[in-house]
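Here it is, the structure, as structure tokens.
Bear in mind these aren't lab numbers, they're just calculated from the coordinates by the rules spelled out. Keep in mind that this is a model prediction, so the values were computed, not measured. A quick note on method: Cβ atoms are made from the backbone with ideal geometry, for glycine too, and the neighbour counts reach across all protein chains shown.
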Amino acid sequence: MKMQEIDCGLRLLTLITATSVYNVSVFAMYGKTRILKGIEMSKKWINVLTVCALLAVLVFAGCAEPVNFPEIVGEVPSFVIPSRYRIVGTSVQRRPIMCLQLGQGPDVTFIMATIHGNEPAGTPLVRRLARHLRQHRELLNGRMVVLMSVANPDGMVNGTRYNAKGVDLNRNFQAANRVNSKETGLTALSEPEARVIKQLIQEYKPDRIVSIHQPLNCIDYDGPARMLAERMGQYCALPVKKLGARPGSLGSYAGVTLGIPIITFEMLQADSQLNSEALWRKYGKALLAAITFPNRPQ
Ligand SMILES: [Zn+2]
């Protein structure tokens, strides 16, 4: 049912109720004193007349016509950044896995943090990055940035590297070097958190991926990402270092199997003590360098 019909119906119901109450009141007051004979007949005729009057009022008031709600015309104002906050899945312990999409351009960067639950410093950094992008919408011209601030919510709450089933999510992907085990998952993508990441990669087809970790103090990369790693290295103190593909890792899956440039951004253990502003001062420019690659951040 349309809003106009509901609105009209409510108005009609209100008027009928009000009129009936009025009629009863009138007869309670005057019925026996002014109309000495044929009270029942008079009530009936007055009711008929009242209904006719009511219908006339409704017709002339235009209730039969749809109510005209204001229409929104024109473009969305330019200061509104297209954004989409989504629950993209749930963890083993049923915690929501959130994803924020900013911008709508064709160049896509996917940045995630805390796939290892005991490496939490990336989470406030990613949230601070989201604030920066909202404040500097020019960065989103022609771009889309997809942010997942907590890839392993159970591990983060429980303070462990693994998910709630004891699986290392960063070893749970389908890659040529995959090894099945209790720690890496008995099959590829056995864990819901890993499946969510895979689905997002399939959906957004990112041009580059950054996964933020601790504490190895380097910018590691997989796939065709050497230039990207070196560029990010120009904007922070972390050295570029190739650690080598880990079996079933996200780096092996996205970088080697899919050919998507992917950075494993290994911050320091001590970074867990920093607040979001301090993290931003230390690493923000490097993340912006990834988003604006191959251009330089302003
Ligand atoms: Zn890690």
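With r defined as the distance between the Cβ atoms of S272 and L243 and R0 fixed at 22 Å, what FRET efficiency is calculated, to the nearest 0.05?
Details: r = 20 Å, r/R0 = 0.93.
That pair, S272 with L243, gives E of 0.60.
Using modelled amide H (1.01 Å from N, peptide plane; none on Pro or chain starts), what sits under 5 Å from the amide H of G89, excluding residues fewer than 5 places away?
Answer set, sorted by chain and number: I97.
Return the whole-Å distance between the Cα centroid of the stretch 277-298 and the Cα centroid of the stretch 196-227.
Spelled out, the Cα-based centre of one part sits 15 Å from the other.
Can you run phi through the Karplus equation (6.51, -1.76, 1.60; θ = phi - 60°) for the stretch 220-228 and list ³J(HN,Hα) in whole Hz, with x for Gly and Pro?
Karplus values, whole Hz, x for Gly and Pro: 9, 8, 9, x, x, 10, 4, 4, 5.
Right, here's the next one. Using the Karplus curve 6.51 cos²θ - 1.76 cosθ + 1.60 with θ = phi - 60°, work out ³J(HN,Hα) for each residue of the stretch 170-183 in order, rounded to whole Hz, and write x for Gly and Pro.
Couplings: 7, 10, 9, 9, 7, 9, 4, 8, 5, 10, 8, 6, 4, 7 Hz.
Of K182/K241; K198/K282; K165/K198; K205/K282, which pairs sit farther than 25 Å apart, going by alpha carbon to alpha carbon? Intermediate results must be reported in sequence, preceding the final value.
Numbers: K182/K241 29 Å; K198/K282 29 Å; K165/K198 19 Å; K205/K282 29 Å.
In this structure, K182/K241; K198/K282; K205/K282 lie more than 25 Å apart at Cα.
Here is a follow-up. Of all DSSP beta bridges located in the stretch 192-267, what percent are antiparallel, nearest 5?
Details: 5 of 11 bridges.
For the stretch 192-267, the DSSP antiparallel bridge percentage is about 45.
Tell me, what does the Kirkwood hydrodynamic radius of the stretch 199-272 come to in angstroms if you use every pair of distinct C-alpha atoms?
Details: mean 1/r = 0.0809 Å⁻¹.
Every distinct Cα pair counted, the radius reaches 12.4 Å.
Moving on to the next point. Run the numbers on the stretch 140-239 and let me know its relative contact order in percent, using alpha-carbon pairs under 8 Å that are six or more apart. Mind showing how you got there, number by number?
Details: 69 pairs, mean separation 14.9, N = 100.
Reported as a whole number, the value is 15 percent.
Taking θ = phi - 60°, what integer Hz values does the Karplus form 6.51 cos²θ - 1.76 cosθ + 1.60 yield along the stretch 117-128, in sequence order, with x for Gly and Pro?
Result, rounded to whole Hz: x, 8, 10, x, 5, x, 5, x, 5, 5, 5, 5.
Expressed in nm to one decimal, what extension gain is obtained for the pair R86 and R296 from 0.36 nm per residue of sequence separation less their Cα-Cα distance? If you can, show how the numbers build up before the last one.
Values: separation 210, 0.36 × 210 = 75.60 nm, distance 2.94 nm.
Roughly 72.7 nm would be gained on extension.
Now, a different point. I want to check the label-to-label distance for H132 and E203. Put each point 7 Å from Cα in the C-beta direction and report it in nm to one decimal.
2.5
What are the residues whose amide H is under 5 Å from the amide H of H213, where those residues sit 5 or more places off or on another chain and H is modelled from the backbone?
Distant-sequence amide H within range of H213: F265, E266, M267.
Whole angstrom only: what separates the Cα centroid of the stretch 141-171 from the Cα centroid of the stretch 234-266?
16
List the residues, sorted by chain then number, that are 5 or more residues from I260 or on another chain and whose placed amide H is less than 5 Å from its amide H.
G255
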